[in-house]
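The values are calculated or read from the model by the stated rules, or taken from the named source; none is laboratory data. Remember, predicted model here, so these are calculated numbers, not experimental data. Positions of Cβ are generated from backbone atoms using ideal geometry, with glycine treated the same way; all protein chains shown enter the neighbour counts. Each accessible area value is taken on the protein alone, full model and side chains, heavy atoms only, with ligands, DNA and RNA left out. Shrake-Rupley method; radii C 1.70, N 1.55, O 1.52, S 1.80 Å.
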Amino acid sequence: MELKDIKAVYFVGAGGIGMSALARYFLRKGMVVAGYDKTPSALTEQLGREGALIHYEENVDLIPHSCKNPKETLVIYTPAVPTDHAELVFFREKNFEIQKRAQVLGTLTRAHRGLCFAGTHGKTTTSTMCAHIMHQSSMDCNAFLGGISKNYGTNYILSDDSDFVVIEADEFDRSFHWLRPWMAVITSTDPDHLDIYGTKEAYLESFRHFTTLIKPGGALVIHRGLEMKADPQDGVSVYEYALDEGDFHADNVKIENGEITFDFISPIENVCGISLGQPVPINIENGIAAMAMAQLNGCTAEELRYGMRTYHGVDRRFDFKLKTDRIVFLSDYAHHPKEIFQSARSIRELYRNRRITAIFQPHLYTRTRDFYRDFADSLSQLDEVILTEIYPAREEPIEGVTSQLIYDNLREGVDKQIVKKDDILQFVADHDFDVLVVLGAGDLDNQVPQIEAVLRKKYGV
C-alpha cells in the first residue's frame, strides 16, 4: 500500500511510544486514526485529545466504520499483541494491509527522503543529533528515533512541510531491510545479536544488504575501516568518516574545562568552531556523521554550528545526573563491549585524574556468553567494576553463563565485586565514589533516580 492510497490508519496496540509517534504522524497528515490498547495511559489519552479514536476493549464492533475499508485502511500492530487477538483476526480475514512498525517506517521512506542511521552502536545519538540539526534548520524534518531526545522530551519530531524523515535503522531482526533510504549512515558493525544471526558473517551480510537499498542519487556515509563490504547501487555516492581521517573528519580538537570544540572537515565546506552542547569525547565522531548527513541535505555552516551547540543529548546516553567537584554520577545505555569501551574511554578522557567506578548489568545470556572476555577488557579501563546479575530480556538462562565470567577476566589491579541488583542501593549508600557510572540496557536504570537521591544526600548536593 502506498502512502497516497491511505485514508485511515488503525493501531492494534496504540499506546507504545513508537506506535504513538506514528499515530501522531498520520494525524498530522489529516488521516483518520483509530486503535485499540489494553489499558488507558497518558499517551493514549493525549492521542484522544489530538483526534485519535482509541478504545480499550477487544471488540471488532468498536472499530470505527471509517477503518473498515481494506483498500483505504492501513493496520499497524505491535508484536506484543497476541496473534489470536479478535481485531487482528478480523483484519487478517478481511485481507487488510497489516504491517509492523518497521514496515511502516519503510513505507515512509518510499514516500519521503529517508535519512537512515544504522550500526551496532552510535545510531541513536547520531540520528538524534542529525534530527535536531535539521529540525532547527531551514530544511526541517520528521524523525522517528530510538531514544528520548532531551531537546524535545520525546522520540519523534513531526513537520507539516519537510520531505525529510530521520530514522534509526534497527538491525536486531533485520528490521532495517524494510527501509528504502535516500541516504544512510553506518556507524559500526561490531557483531551482535548472534542469537538471531548465528554468525559474524551473517551479521555483516545483513549490513551489506542494507547498503543495496539506498536509492540511486542518494548517498552512503560509512565509518572508515569497517569490516563489512558496502554494495550500493549505481548512482549512490559513498563517503567515509572518522575522528581524524576520511572525507568527513575533525581537526583542531580541543578538550578543556569541560568544553569540546573542533573544526569539521568536509568535501562540501569546512566548518570551523564547532562546539559540542553535550561535551563528551565520543560525540566528536558522532557529530561528524550527523553533520555530514545534514550538510549533504542542505544545512548551512551556521545551521550546523547552532545545531551542535544546542544539542542536549538522549536519555540514558551519557546522561549526567550529578556533576560536581566531589561527585560525578551518570548513566549510559552501553551494553555491547565496543560501546562500553567507547564510554569508558570518554569518561577517562573527561576525568583523567579521578577514580572511576562502573556498575554494570550485563544484558542477555547469549551476549555475555559470546563476548565476556571483550566485556572484561573494556571494563578494565576503569578503576572499579561492580557487576550485577545478567538481565535476561527475552532469553532463558544458559548453564554456566553468569556475571562471574566477566568478573574472572577483569585485569589485575581493577577493584571488583558482584552485587545483587536488589542490593545496589544499599551498596551505594555504604561506599564512597568519585565518578560513578551505571552501564547497561536492562532494568537497573530504573534505580538511577534512587541512586541519585542517595548520592545527593550523602554528598550534600
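Whether any residue in region 108-129 is closer than 30 Å to residue 67 by Cα, in contact with a helix residue (DSSP H, G or I) (Cβ under 6 Å, 6 or more places away or on another chain) and either free of Cβ contacts under 8 Å to residues at least 12 places away in the same chain or open to solvent by less than 30 Å² (accessible area, probe 1.4 Å) (or both) is what I want to check.
Residues of region 108-129 that are closer than 30 Å to residue 67 by Cα, as a first pass: 108-114.
When the remaining residues are screened for being in contact with a helix residue (DSSP H, G or I) (Cβ under 6 Å, 6 or more places away or on another chain), the result is 111.
Within this subset, residues satisfying the condition of being either free of Cβ contacts under 8 Å to residues at least 12 places away in the same chain or open to solvent by less than 30 Å² (accessible area, probe 1.4 Å) (or both) are none.
Scanning region 108-129 turns up no residue that is closer than 30 Å to residue 67 by Cα, in contact with a helix residue (DSSP H, G or I) (Cβ under 6 Å, 6 or more places away or on another chain) and either free of Cβ contacts under 8 Å to residues at least 12 places away in the same chain or open to solvent by less than 30 Å² (accessible area, probe 1.4 Å) (or both).
Return the total of residues in region 218-228 being in contact (Cβ under 8 Å) with a residue 24 or more places away in the chain and either surrounded by fewer than 17 Cβ atoms within 10 Å (Cβ to Cβ) or over 22 Å from the mean Cα position of the chain (by Cα) (or both).
The first filter runs over region 218-228 and keeps only residues in contact (Cβ under 8 Å) with a residue 24 or more places away in the chain, leaving 218-223, 226-228.
Narrowing further to those that are either surrounded by fewer than 17 Cβ atoms within 10 Å (Cβ to Cβ) or over 22 Å from the mean Cα position of the chain (by Cα) (or both): 218, 227.
Going through region 218-228 one residue at a time, the tally reaches 2.
Can you list residue pairs whose Cβ atoms sit under 9 Å apart, with the first residue in region 250-267 being within 14 Å of residue 280 (Cβ to Cβ) and the second being part of a strand (DSSP E or B) and polar (S, T, N, Q)? Count only pairs 6 or more apart in sequence or on different chains.
253/261; 255/261; 259/275; 260/275; 261/252; 261/275; 262/252; 262/275
If residue 83 satisfies all but one of (1) within 30 Å of residue 209 (Cβ to Cβ); (2) touching a residue at least 24 places away in the same chain (Cβ under 8 Å), what's the number of the condition it fails?
(2)
Filtering region 294-323 down to residues that are farther than 20 Å from residue 345 by Cα and exposed (fewer than 15 other Cβ atoms within 10 Å of the Cβ), which residue is farthest from the chain's Cα centre (by Cα)?
302
Going through region 270-279 one residue at a time, which ones are surrounded by fewer than 23 Cβ atoms within 10 Å (Cβ to Cβ) and either on the phi < 0 side of the Ramachandran plot or assigned to a helix (DSSP H, G or I) (or both)? Can you show your working first?
Narrowing region 270-279 to residues surrounded by fewer than 23 Cβ atoms within 10 Å (Cβ to Cβ): 270-273, 275-279.
The answer is 270, 271, 272, 275, 276, 277, 278, 279.
Go through the residues of region 57-75 one by one and say whether even a single one is charged (D, E, K, R) and touching a residue at least 60 places away in the same chain (Cβ under 8 Å).
Within region 57-75, the first condition is being charged (D, E, K, R), and the residues that meet it are 57-58, 61, 68, 71-72.
If we keep only those that are touching a residue at least 60 places away in the same chain (Cβ under 8 Å) as well, we get 71-72.
Yes, the conditions are met somewhere in region 57-75.
Could you tell me whether residue 192 is at negative phi and either buried (at least 18 other Cβ atoms within 10 Å of the Cβ) or assigned to a helix (DSSP H, G or I) (or both)?
Details: at negative phi: yes; either buried (at least 18 other Cβ atoms within 10 Å of the Cβ) or assigned to a helix (DSSP H, G or I) (or both): yes.
Against the criterion (at negative phi and either buried (at least 18 other Cβ atoms within 10 Å of the Cβ) or assigned to a helix (DSSP H, G or I) (or both)), residue 192 qualifies.
Could you grab me the full set of residues in region 33-42 that are among the aliphatic types (A, V, I, L, M) and surrounded by fewer than 22 Cβ atoms within 10 Å (Cβ to Cβ)?
Once the filter is applied, which keeps residues that are among the aliphatic types (A, V, I, L, M) and surrounded by fewer than 22 Cβ atoms within 10 Å (Cβ to Cβ), region 33-42 yields only 42.
Could you count how many residues in region 388-446 are among the hydrophobic types (A, V, I, L, M, F, W, C) and in a helix (DSSP H, G or I)? Step through it out loud before you land on a result.
So in region 388-446, the residues among the hydrophobic types (A, V, I, L, M, F, W, C) come out as 390, 393, 398, 401, 405-406, 410, 414, 418-419, 424-425, 427-429, 433, 435-439, 441, 444.
Next cut, in a helix (DSSP H, G or I) only: 405-406, 424-425, 427-429, 444.
Matching residues across region 388-446 total 8.
If you scan region 43-71, which residues turn out to be closer than 23 Å to residue 83 by Cβ, part of a helix (DSSP H, G or I) and open to solvent by less than 90 Å² (accessible area, probe 1.4 Å)?
Result: 44, 60, 62, 67.
Restricting attention to helices (runs of 4 or more DSSP H) lying wholly within region 76-149, give those where 2 or more residues are closer than 24 Å to residue 12 by Cβ and under 19 Å from the mean Cα position of the chain (by Cα).
Values: elements: 86-93, 101-111, 123-135.
Filter on region 76-149 gives 101-111.
Got at least one residue in region 197-213 being of a type in the set (Asp, Glu), assigned to a helix (DSSP H, G or I) and open to solvent by 30 Å² or more (accessible area, probe 1.4 Å)?
Keep residues of region 197-213 that are of a type in the set (Asp, Glu), which gives 201, 205.
Keeping just the survivors that are assigned to a helix (DSSP H, G or I) gives 201, 205.
Those still in the list that are open to solvent by 30 Å² or more (accessible area, probe 1.4 Å) too: 201, 205.
Looking for residues that are of a type in the set (Asp, Glu), assigned to a helix (DSSP H, G or I) and open to solvent by 30 Å² or more (accessible area, probe 1.4 Å), one finds at least one in region 197-213, hence yes.
Please pick out the residue among 326, 352 that is at pLDDT 90 or above, more than 16 Å from the chain's Cα centre (by Cα) and part of a loop (DSSP other than H, G, I, E, B).
Details: 352 fails: at pLDDT 90 or above.
Going through 326, 352 in turn, the sole match is 326.
Conditions (1) open to solvent by less than 70 Å² (accessible area, probe 1.4 Å); (2) modelled with pLDDT under 95; (3) within 27 Å of residue 454 (Cα to Cα); (4) aliphatic (A, V, I, L, M), marked per residue:
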| position | (1), (2), (3), (4) |
| --- | --- |
| 333 | yes, yes, yes, no |
| 358 | yes, no, yes, yes |
| 366 | yes, yes, no, no |
| 403 | yes, no, yes, no |
| 416 | yes, no, yes, no |
| 424 | yes, no, yes, yes |
| 428 | yes, no, yes, yes |
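Can you go through 2, 50 and tell me which one is of a type in the set (D, E, K, R), within 20 Å of residue 102 (Cβ to Cβ) and more than 26 Å from the chain's Cα centre (by Cα)?
Values: 50 fails: within 20 Å of residue 102 (Cβ to Cβ).
One residue alone meets the criteria, 2.
So which of 410, 444 is open to solvent by less than 40 Å² (accessible area, probe 1.4 Å) and within 22 Å of residue 317 (Cβ to Cβ)? Break it down stepwise before answering.
Details: 410 fails: within 22 Å of residue 317 (Cβ to Cβ).
Exactly one of 410, 444 is open to solvent by less than 40 Å² (accessible area, probe 1.4 Å) and within 22 Å of residue 317 (Cβ to Cβ), namely 444.
Checking the structure you have, find out if any residue of region 371-385 is assigned to a helix (DSSP H, G or I) and of a type in the set (Lys, Arg). I'd like the intermediate steps shown before the answer.
Initially, region 371-385 is screened for residues assigned to a helix (DSSP H, G or I), giving 371-379.
Next, only the ones that are of a type in the set (Lys, Arg) stay: 373.
Yes, some residue in region 371-385 is assigned to a helix (DSSP H, G or I) and of a type in the set (Lys, Arg).
Out of the residues in region 335-349 that are closer than 24 Å to residue 449 by Cβ and of a type outside the set (D, E, K, R), which is nearest to the chain's Cα centre (by Cα)?
Kept after step one, since they are closer than 24 Å to residue 449 by Cβ, are these residues of region 335-349: 335, 339-340, 343-344, 346-347.
Checking the rest, the ones that are also of a type outside the set (D, E, K, R) come to 335, 340, 343-344, 346-347.
On the way: 335: 12, 340: 15, 343: 15, 344: 19, 346: 19, 347: 20 Å.
Residue satisfying both the conditions and the ranking: 335.
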